[in-house]
1. Listed residues 241, 276; which is closer than 23 Å to residue 33 by Cβ, out of contact with any strand residue (DSSP E or B) (no Cβ under 8 Å at 6 or more places or on another chain) and among the β-branched types (Val, Ile, Thr)?
2. Could you please let me know if residue 164 is surrounded by 14 or more Cβ atoms within 10 Å (Cβ to Cβ) and of a type outside the set (A, V, I, L, M, F, W, C)?
3. Which of the residues belonging to region 50-66 are surrounded by 15 or more Cβ atoms within 10 Å (Cβ to Cβ) and in contact (Cβ under 8 Å) with a residue 40 or more places away in the chain?
4. Tell me which residues, restricted to region 179-191, are free of Cβ contacts under 8 Å to residues at least 40 places away in the same chain and within 13 Å of the ligand (Cβ to nearest atom).
5. For region 1-49, give me each residue that is surrounded by fewer than 16 Cβ atoms within 10 Å (Cβ to Cβ), modelled with pLDDT of 95 or more and at negative phi.
6. Identify, by number, the condition in (1) aliphatic (A, V, I, L, M); (2) free of Cβ contacts under 8 Å to residues at least 60 places away in the same chain; (3) surrounded by fewer than 16 Cβ atoms within 10 Å (Cβ to Cβ) that residue 136 doesn't meet.
7. Across region 30-48, what is the number of residues that are free of Cβ contacts under 8 Å to residues at least 60 places away in the same chain, within 15 Å of the ligand (Cβ to nearest atom) and assigned to a helix (DSSP H, G or I)?
Amino acid sequence: MAKQVRVRFAPSPTGYLHLGSARTAIFNWLYARHTGGKFILRIEDTDRERSKKEYLDEILEDLKWMGIEWDEGPFAQSEKMDVYRKKAEAILKKDLAYREGNAIIYKVEKSKIIKISDLIHGEIQFNTDEIKDQVLIKSDGSPAYNFACVVDDSEMEITHIIRGDDHISNTPKQIMLYEALSLKPPHFAHMPLMMGKDGAKLSKRHGGVAVFEYKNEGFLPEALANYLILLGWSPGGDREIIGLKEAAEKFDIKDINNVQVTFDIDKLRWINGEYIRSKTASELFPKIKEKLIKEKYVDDTLNKDHLLNIIELYKTRFKTFDEFLRLTECFFRDNYSVDDKAYKKHLENKESKKRIGEFAEKLKLLNEFSAPKIEEICRQLADSQKVKASKIIHPTRVAISGLTVGAGLFEIMEVLGKAKVIVRLEKAVSNN
Ligand code: GLU
């Protein structure tokens, strides 16, 4: 029987969970689930100065938020300092290392070729002439990353190391240390890195680098996970919407592309929009309510049915919750923002004002303030004035919502309600 697959994700809590690391975690998780193996979480916190509990807490929370649960761990390296020291001393005893003060340093044998058969890149060769002697234990007693990594990966019986290309240069060093400990190295799979659209390292200006930033902005976890899955892997065909569970069924390491991937925030937004569309207004309600309260659009006393109506009206029109807020401000605030250009184009002239003034007068007489009735009045008014209905619709939309985009005007009016609509139209007429 083949050995059970054991993979690990090994974040350093010296910063928040980066999108690139989240993608590494997801690919490891997919492989574990695909093979019926184990996904292990290891915290590489030997840098006591830079490791922070708040980062660790957020990393764990973000993984869970995306639906990535681990089978074993989290194990902290900081709790195993004596183990690394003992292993280093064993290498020292074999005369493969030397001491320099308190530090223990591995002697690299010169002019040797080290081969890696990487599961994504194929064979990669390194000459040890290019590798300096390797610190195993630093003079402060803490292990160097490459050494702790090897000790842990072997003790945890990791079978496959799936990580970013930025670790390729560490791999020959780690292979030497496996040899020094008389251990067989695991399989390696280095994934091409994720870059910004301009080819530069992913940074704030590409739309945020940390998972929590997307979480706070209101992206759906399944949309972010779906997007990251597609960066270097594809379920086949031109399929793009796929959940973690189904991706796990189809995923294999050998199908990871050997090309650099580009982070594209618009694509992520699009996927998020697809997930939003697939949910019901009630499913979206709690998150949207939370967001509205946070942004002070509403307080706790908000009317649930009213909000459900608004969500229903806009569900196919927003890709992120922030966009929802921008589009629907007029439902929650009387001093909603007004698009200046739209105001100048559609409202700043006498004819428009006159027309929406007359529209308001007619609407006042309406008992059933429903979208079809409002539309009927609008069309009749346009006919009697021999103008296109758009001559009433555009200025009305700007007057009551401040925008030129959004849901259907008559539906917006119905949901806003007669009183608000009339007040806003009259205010627009009297504005200079
Ligand atoms: N702590 C390392 C990192 O966050 C892990 C590297 C590895 O997966 O070996 O980059």
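The values are calculated or read from the model by the stated rules, or taken from the named source; none is laboratory data. Not measured: the values here are computed from a predicted model. Don't worry about glycine lacking a Cβ; one is built from the backbone with ideal geometry, like all the others, and counts go over all protein chains shown.
1. Being closer than 23 Å to residue 33 by Cβ, out of contact with any strand residue (DSSP E or B) (no Cβ under 8 Å at 6 or more places or on another chain) and among the β-branched types (Val, Ile, Thr) holds for just one of 241, 276, which is 241.
2. Taking the combined requirement at face value, the residue satisfies it.
3. 55, 56, 58, 59, 62, 63, 65, 66
4. 185, 186
5. 4, 14
6. All conditions pass for residue 136, except number (3).
7. Selection size over region 30-48: 1.
A quick yes/no check of all residues on (1) in contact with a His (Cβ under 9 Å, 6 or more places away or on another chain); (2) assigned to a loop (DSSP other than H, G, I, E, B); (3) more than 12 Å from the ligand (Cβ to nearest atom); (4) not small (Gly, Ala, Ser):
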site	(1), (2), (3), (4)
12	no, yes, no, no
28	yes, no, no, yes
50	no, yes, no, yes
58	no, no, yes, yes
